[in-house]
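Report on the following structure.
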Amino acid sequence: MARCPPCSNGTTASRRCPTCSPNWTRPVRTSRTRLRSRWAVASAPGLDEAQRWLQQAILGPREGQRAQLLAPAARLAPAQCLDVYRGGYRLRLLEAMRGLHSGLRALLGEEVFDDFAVDYLDARPSRSYTLFELDRHFADFLADHRPDRERPADRREAWIDVVIDLARYERAFAEVYDGPGTEAVRDSHAVPPGEVRPAPCLRLLTLSAPVHTYAAAVRRGLEPAPPAPRPVRLALSRRNYIVTATELDQAAHQFLTLLREGRPVRTAAAAAGLDEEGTARLLHRWTADGWLLTDTTHPTPESRRRTP
């Protein structure tokens with residue numbers, strides 16, 4: 001069998017490749033020139049600029065957004081691709097809101113709750129790396145947009161107060177659950193002798209209805225009746241990673257509120273109308289429950305975060 005004659009670059013031509021290019025550098029140079037001309041590499045945005053644009057395109061309003069930095073997909077235009085990104089991101093946030101406010105969702109119904117949540121996300125887009133901050137202003141948003149907000153307080157609809165207070169309670173519950181607690185002791189954070197301090201997981205709420213019992217029933221998978229309006233003074237705390245909600249009478253609530261504000265024990269007790277025996281009884285109970293810290297009890301600064 002005859003050998004194929006050698007090509008100019010030293011290789012041997014074959015039946016499959018009957019000839020070889022005498023110069024391999026020329027087509028490569030031409031290809032690079034065409035790429036630079038087609039994609040305008042020199043004028044392409046930097047990574048930081050592209051990331052900022054995509055963030056604004058997803059978080060901002062849909063109107064006026066242009067997908068000039070996105071390449072078209074096989075069956076979708078760039079603007080349609082951007083809508084897919086926006087829809088997926090917003091659906092994730094909506095799912096988080098549903099998880100954070102399961103009680104309010106049960107009270108309002110899925111459709112009405114989703115409408116409120118979407119309006120809230122439009123008005124206050126997420127600006128945090130964690131979903132824990134997502135609903136921080138949800139109760140305030142509902143209060144600012146209630147239909148009877150222009151009326152005097154005594155002429156407003158009671159059921160709207162219940163809705164807002166349930167949102168506020170569920171936010172406080174999440175803060176107590178995920179924040180620092182009293183599960184461990186650290187000698188470096190002792191309270192000065194003779195003083196008491198509120199535990200970092202203690203929250204005090206004044207509510208228009210017993211929304212805490214309603215939310216607890218929903219979490220257990222029940223279908224409770226909407227809570228009837230009545231004044232409720234509530235203390236939220238956590239012990240051994242279990243959140244507790246305890247109703248207080250007016251004197252105890254005022255006493256504990258003043259202690260949280262930093263008032264001395266005697267001053268706070270006198271303002272709340274408590275005698276010495278009643279004061280000692282409450283201090284003993286609240287210290288045992290972990291609501292108050294003394295010079296022998298104090299919390300670890302560690303906190304836990306949960307993803308809804």
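Taking the stretch 208-234, which residues are crowded, with 21+ Cβ neighbours inside 10 Å and under 23 Å from the mean Cα position of the chain (by Cα)?
Result: V211, H212, Y214, A215.
For the stretch 154-185, which positions are among the charged types (D, E, K, R), farther than 16 Å from L207 by Cβ and assigned to a helix (DSSP H, G or I)?
Those that are among the charged types (D, E, K, R), farther than 16 Å from L207 by Cβ and assigned to a helix (DSSP H, G or I): D154, R155, D178.
Please pick out the residue among R136, R171, R90, R105 that is under 24 Å from L59 (Cβ atoms) and in the same structural domain as W286 (by TED's automatic domain parsing).
Answer to the check: R171.
Yes or no: L100 crowded, with 20+ Cβ neighbours inside 10 Å and out of contact with any Asp or Glu (no Cβ under 9 Å at 6 or more places or on another chain)? Give the steps one after another, and end with the answer.
Details: crowded, with 20+ Cβ neighbours inside 10 Å: yes; out of contact with any Asp or Glu (no Cβ under 9 Å at 6 or more places or on another chain): no.
Judged against the criteria, L100 is not a match.
Can you confirm whether T206 is β-branched (V, I, T), touching a strand residue (DSSP E or B) at 6+ places or on another chain (Cβ under 9 Å) and modelled with pLDDT of 90 or more?
Working: β-branched (V, I, T): yes; touching a strand residue (DSSP E or B) at 6+ places or on another chain (Cβ under 9 Å): yes; modelled with pLDDT of 90 or more: yes.
Considered against the rule, which asks whether it is β-branched (V, I, T), touching a strand residue (DSSP E or B) at 6+ places or on another chain (Cβ under 9 Å) and modelled with pLDDT of 90 or more, T206 comes out as yes.
Are any residues in the stretch 150-180 hydrophobic (A, V, I, L, M, F, W, C) and at pLDDT 90 or above, and if so, which ones?
Within the stretch 150-180, the subset hydrophobic (A, V, I, L, M, F, W, C) is 153, 158-160, 162-164, 166-167, 172-174, 176.
A158, W159, I160, V162, V163, I164, L166, A167, A172, F173, A174, V176 - these are the residues of the stretch 150-180 that are hydrophobic (A, V, I, L, M, F, W, C) and at pLDDT 90 or above.
I'd like to check something: does the stretch 59-70 contain any residue that is closer than 30 Å to Y177 by Cα and not hydroxyl-bearing (S, T, Y)? Write out each step before concluding.
Looking only at the stretch 59-70, we keep the residues that are closer than 30 Å to Y177 by Cα, and these are 59.
Imposing the further condition that a residue be not hydroxyl-bearing (S, T, Y) reduces the set to 59.
Looking through the stretch 59-70, at least one residue is closer than 30 Å to Y177 by Cα and not hydroxyl-bearing (S, T, Y).
So, of the residues in the stretch 255-292 that are without any contact (Cβ under 8 Å) to a residue 40 or more places away in the chain and polar (S, T, N, Q), which turns out to be nearest to A245 (Cα to Cα)?
T279
In the stretch 67-114, what count of residues is obtained for those that are assigned to a helix (DSSP H, G or I) and of a type in the set (G, A, S)?
Of the stretch 67-114, the ones assigned to a helix (DSSP H, G or I) are 78-100, 102-108, 110-114.
Adding the requirement that they be of a type in the set (G, A, S) leaves 79, 87-88, 96, 99, 102-103, 106.
Qualifying residue count, the stretch 67-114: 8.
Report whether or not D119 is touching a residue at least 24 places away in the same chain (Cβ under 8 Å), of a type in the set (D, E), out of contact with any Cys (no Cβ under 9 Å at 6 or more places or on another chain) and over 20 Å from A216 (Cα atoms). Break it down into steps so the answer makes sense when it comes.
Details: touching a residue at least 24 places away in the same chain (Cβ under 8 Å): yes; of a type in the set (D, E): yes; out of contact with any Cys (no Cβ under 9 Å at 6 or more places or on another chain): yes; over 20 Å from A216 (Cα atoms): yes.
Spelling it out, D119 is indeed touching a residue at least 24 places away in the same chain (Cβ under 8 Å), of a type in the set (D, E), out of contact with any Cys (no Cβ under 9 Å at 6 or more places or on another chain) and over 20 Å from A216 (Cα atoms).
Would you confirm, using the coordinates I've provided, whether A269 is touching a Leu at 6+ places or on another chain (Cβ under 6 Å), at pLDDT 95 or above, of a type in the set (A, V, I, L, M, F, W, C) and within 20 Å of D289 (Cα to Cα)?
No, not satisfied.
The values are calculated or read from the model by the stated rules, or taken from the named source; none is laboratory data. Since the model is a prediction, treat every value here as computed from it, not as a measurement. Cβ atoms come from the backbone with ideal geometry, glycine included; neighbour counts cover every protein chain shown.
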